[in-house]
Amino acid sequence: MAVKGLGKPDQVYDGSKIRVGIIHARWNRVIIDALVKGAIERMASLGVEEKNIIIETVPGSYELPWGTKRFVDRQAKLGKPLDVVIPIGVLIKGSTMHFEYISDSTTHALMSLQEKVDMPVIFGLLTCMTEEQALARAGIDEAHSMHNHGEDWGAAAVEMAVKFGK
Ligand SMILES: O=c1[nH]c(NC[C@H](O)[C@H](O)[C@H](O)CO)c([N+](=O)[O-])c(=O)[nH]1
């Protein structure tokens with residue numbers, strides 16, 4: 001029996017009235033694009049309209065916290081506030097400690113960002129030891145050994161926005 005992973009939602013949430021921001025890093029782009037696609041497809045299946053999914057990008061995962069804050073503020077200023085935001089980044093361990101420092105600092109910054117922007121900030125940061133791990137979690141490894149984690153992030157975004165929206 002599969003134990004790990006996102007359990008079934010307690011109900012199907014209607015995303016037809018929410019606005020979602022996706023802000024993604026451009027490092028490891030092939031994996032990023034698969035994760036973004038998975039999130040969009042899952043949100044569309046939950047009724048989120050294409051015009052209500054706004055996409056922005058930053059250079060790398062380290063820029064996600066600041067970029068997300070600015071992104072949320074700007075959408076509010078435009079009079080089209082977001083209900084939830086999904087920062088997406090892919091960190092793959094290299095031969096230095098760069099990975100550890102970015103993973104840890106970015107994770108903490110995204111967690112605490114929720115208080116500042118007063119909305120759900122979904123954790124879309126893949127922190128992988130190998131490229132194979134990242135490909136698998138984006139559902140694009142040869143063996144298709146795992147589902148696309150971007151789908152989980154899309155589902156979490158709809159649930160959190162609908163259930164705990166302002
Ligand atoms: O998104 C990533 N950024 C990475 N580095 C760039 C970093 O996020 C910043 O963009 C850069 O340091 C400039 O601030 C990565 N690595 O270094 O390995 C990585 O794997 N993923």
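The values are calculated or read from the model by the stated rules, or taken from the named source; none is laboratory data. Given the structure is predicted, the values throughout are model-derived calculations rather than measurements. In this analysis, Cβ positions are derived from the backbone assuming ideal geometry, glycine residues included, and neighbour counts consider all displayed protein chains. Calculation scope for accessible area: heavy atoms of the full protein, side chains included, ligands and nucleic acids excluded. Shrake-Rupley method; radii C 1.70, N 1.55, O 1.52, S 1.80 Å.
Scanning region 18-46 for residues that are without any contact (Cβ under 8 Å) to a residue 24 or more places away in the chain, away from the ligand (no atom under 16 Å from the Cβ) and not aliphatic (A, V, I, L, M) yields one hit, Ser45.
Would you say Ile18 is of a type in the set (A, V, I, L, M), crowded, with 21+ Cβ neighbours inside 10 Å and not in a helix (DSSP H, G or I)? Spell out the reasoning first.
Numbers: of a type in the set (A, V, I, L, M): yes; crowded, with 21+ Cβ neighbours inside 10 Å: yes; not in a helix (DSSP H, G or I): yes.
Judged against the criteria, Ile18 is a match.
Applying the criterion of being outside any helix (DSSP H, G or I) and within 15 Å of the ligand (Cβ to nearest atom) to the residues of region 57-85, the residue that is most open to solvent (accessible area, probe 1.4 Å) is Pro59.
Can you tell me which residue among Glu132, Glu159 is touching a Phe, Trp or Tyr at 6+ places or on another chain (Cβ under 8 Å), over 15 Å from Glu63 (Cα atoms) and open to solvent by 20 Å² or more (accessible area, probe 1.4 Å)?
On the way: Glu132 fails: touching a Phe, Trp or Tyr at 6+ places or on another chain (Cβ under 8 Å).
Testing whether each residue is touching a Phe, Trp or Tyr at 6+ places or on another chain (Cβ under 8 Å), over 15 Å from Glu63 (Cα atoms) and open to solvent by 20 Å² or more (accessible area, probe 1.4 Å) leaves just Glu159.
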